[in-house]
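All remarks here apply to the structure that follows.
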Amino acid sequence: MTTTYRHGSIVGPVMLIGFGAVLLLDNLGLLSQTPWTALLNLWPVILVAAGLDLAIGYRSRAGAVTAAALSLLVLGVAITWLAEGDRGQATQLPGESVQVPLNDVTSAEVSLAPVASALQVGALDGGNYLLAGTIASYRVEGVTQSYQRTGDHAQVRLETAGASVVPTTAFSASSPTWDLDLTPTIPLEIGVNLVAGQANLELAELTAEALDVDLVFGQSMIVLPASGRYAARVAGVFGQTVIVIPAGLEASVRVEPLLTARTVDSALRQLPDGRYVTAGYGQAENQVDLVISQVVGAIEIQTK
């Protein structure tokens, strides 16, 4: 008669240990990157733990102990590598130039949907382009571009196509990168949808009609457009979100965190309904109504 030993999965405990270890290293100043970037780099450890659990963990008590020990060993090696920093020079992915002519449109909707990458968005120095920049992707990935014009309004969408791969080393030279600039000459509706990675959106020089950002896992730094009266939404599941309100822009900010640390600049005052507002909100020519939602991680709101 064969007896099967059953126990709880080791994946959850290994994830908690890894999460705590990364935050401890960050508090001690031993990480060479942000804790959220480090956690993204550690995602293969979950697969290792799950595989060991299935292969030997359920066979016996000794197998469960061995699977847990091997998982913790792999986790320890990975965390040690993160603490010591990057080794060697990563291979640069080839980049593809992307240009979308302005074509005399007076407004536009721009949607950017990389699956897993480092996304950098800024402002063009005028010119004849609605959007221009470079996208570097894995060979198994591609980028699809769609363009539609209705009257003087254009709709542009760039998105990852093909077999998307979550990078094992996030945000290094060998990881996918989107480096794009948008025109500051017309009002824009800007949408960003990133599953995993890092978003650095330097949008202060742009004029916005709407802003919508979704980042499931990773880190985002968003400098809001300084011109326009618009609504904005920034949503995340796990990671760090930093919002910068530039000079000349008034703001109303509603934060909807669950298990999230919150830091708010003292230049914003909190209203009885929970919103944070700048001194001139409600009467300014340029202002934003912003909603931030984050499940786990940290939110920071700054002013310039």
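Some notes on this structure:
- Under Karplus coefficients 6.51, -1.76 and 1.60, residue-wise ³J(HN,Hα) of the range 210-224 in Hz, glycine/proline x: 6, 9, 9, 10, 10, 9, 6, 9, x, 10, 9, 10, 10, 8, 5
- Close amide H partners of residue 209, meaning residues 5 or more places away or on another chain with modelled amide H under 5 Å apart, are 188, 189, 190.
- Of 205, 159, 285, the sequence from fewest to most neighbouring Cβ atoms within 10 angstrom is 285, 159, 205.
- Estimated vicinal HN-Hα couplings, Hz - the range 281-298 in sequence order (Karplus 6.51, -1.76, 1.60; Gly, Pro = x): 5, x, 10, 8, 6, 10, 7, 10, 9, 10, 10, 10, 10, 8, 7, 9, x, 9
- Amide H partners (placed H, <5 Å) of residue 161, local residues excluded: 142, 143, 144
- Taking the Kirkwood radius as Rh and the Cα radius of gyration as Rg, the range 95-303 has a ratio of Rg/Rh equal to 0.97.
- Amide H within-cut-off set for residue 102, under 5 Å, with H built and near neighbours excluded: 129, 130
- Estimated FRET transfer efficiency when R0 is 22 angstrom, pair residue 303-residue 159 (beta carbons, to 0.05): 0.10
- Couplings for the range 253-267, taken from phi via the Karplus curve 6.51 cos²θ - 1.76 cosθ + 1.60 with θ = phi - 60°, read 10, 10, 10, 10, x, 10, 10, 10, 6, 10, 10, 10, 4, 5, 6 Hz in order; Gly and Pro are left as x.
- Peptides 73-79, 212-218, 96-102 ordered by packing proxy, namely the average of other Cβ atoms within 10 Å per residue, highest first: 212-218, 73-79, 96-102.
Every number in this text was worked out from the coordinates using simple rules, so none of it is lab data. Here the structure is a predicted model, which means the values were calculated and not measured. Heads up, the Cβs are rebuilt from the backbone with ideal geometry, glycines too, and the neighbour counts pull from every protein chain shown.
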